[in-house]
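The values are calculated or read from the model by the stated rules, or taken from the named source; none is laboratory data. Note that the structure is a prediction, hence the values are computed from the model and not measured. Cβ: placed from backbone, ideal geometry, glycine included. Neighbour counts: every protein chain shown.
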Amino acid sequence: MADADTASAKSYKVDVPAQSEPFFLKGSNNLDWGMKNRLSNIFSPESGRTVMLAFDHGYFLGPTSGLERVDLDIVPLTPFADTLMLTRGILRTCIPPTYTGGIVLRASGGPSILKELSDEQIAVSIDEAIRLNVAAMAVQVFIGGQNETQSIHNMTRLVDMGNRHGIATLGVTAVGTDMVRDAKYIRLATRICAELGASYVKTYYVDGFDTVTASCPVPIVIAGGKKLPEVDALQLAHDAIQEGASGVDMGRNIFQADNPAAMIQAVRKVVHENFKPQEAYQYYQTLKTEPTPSPLA
Ligand code: 5RP
């Protein structure tokens, strides 16, 4: 009853302004609550960064090396990832619904490795993305590729659908094998994705990467690319983070490592704790001697 309320002016803290903290993620302050909440399920609010485990490669490559048995070889790595990037087929068949990290759903596809890869279309409906409770939808963008406009159109349609429901869109810059992968090109591709509405962008680390992150108004995560020696992959992650990346979206350099569970934990140290590459490599070597993966601290 209103007249029984005896709260004093002190309880209302009338002299304290309402709290209004800026959102921690680059370029994301003006998004709505649901989108920010989903992005906080991808990026750690503590470090502002993410370790995404990418294993969506089968959508055009089939059962590539390291991904033959997702149930046996990838599921044990999932507690060490902030976010999983995968297809809806693998999500439904292999990933326990008790997983509480972010889900970034592969939302474009079409051609296999046997055909022109840039000829993709949107491969999932927004209803399905909502049903699967995803944090973001990932779409390949082929700047300079044969189907550049079509791939951009896929992205902008997903941005429109995602924005309507508070689901983020990850623009993935795909670089054809015949194209020069340098800072000038990566600046072009990442900036186009951001300008046309991507919530964040995935790209490749290149020399001059700090100019790429500086000129892109939304967060950038890097792909690992082809398998490297573990120490080199840790160096790559380190350099990208120190030059402004907000995380990694790493696949082959984790699941094709000598010890994938140790590798993803070492990558976490680089991304979230600013470990130097040699420090992280030593940590990797130590973990390699452990018989089973330890749970996240
Ligand atoms: C496919 C992708 C992959 O998820 C990504 O390239 C995988 O990462 P990595 O290069 O580290 O294996 O976007 O096009």
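Brief remarks follow.
- Some residue of the stretch 92-113 being within 15 Å of the ligand (Cβ to nearest atom), over 25 Å from D178 (Cα atoms), in contact (Cβ under 8 Å) with a residue 40 or more places away in the chain and of a type in the set (V, I, T): yes
- Qualifying residue in the stretch 180-198 (condition: without any contact (Cβ under 8 Å) to a residue 24 or more places away in the chain and either closer than 20 Å to A245 by Cβ or small (G, A, S) (or both)): yes
- Set side by side, the residues A129, A81, A54, A107 differ, and just one is over 30 Å from N147 (Cβ atoms) and buried (at least 19 other Cβ atoms within 10 Å of the Cβ), which is A81.
- Filtered by the rule that a residue be touching a residue at least 40 places away in the same chain (Cβ under 8 Å), within 16 Å of the ligand (Cβ to nearest atom) and in contact with a Gly (Cβ under 8 Å, 6 or more places away or on another chain), the stretch 145-168 gives S151, M155, A168.
- Among residues of the stretch 219-237, those that are more than 14 Å from the ligand (Cβ to nearest atom) and either surrounded by fewer than 23 Cβ atoms within 10 Å (Cβ to Cβ) or among the basic types (K, R) (or both), counted: 3
- Among the conditions (1) in contact with a Lys or Arg (Cβ under 6 Å, 6 or more places away or on another chain); (2) surrounded by fewer than 17 Cβ atoms within 10 Å (Cβ to Cβ), A214 misses just one, which is (1).
- Taking residues in the stretch 60-79 that are in contact (Cβ under 8 Å) with a residue 24 or more places away in the chain, and partners anywhere that are of a type in the set (S, T, N, Q) and within 14 Å of the ligand (Cβ to nearest atom), the pairs with Cβ atoms closer than 7 Å and at least 6 places apart or on different chains are F60/S112; S65/Q256; G66/Q256.
- Looking only at the stretch 191-208, residues that are touching a helix residue (DSSP H, G or I) at 6+ places or on another chain (Cβ under 6 Å) and either among the aromatic types (F, W, Y) or within 16 Å of the ligand (Cβ to nearest atom) (or both) come to 4 in all.
- Qualifying residue in the stretch 180-195 (condition: more than 21 Å from K36 (Cα to Cα) and modelled with pLDDT under 95): yes
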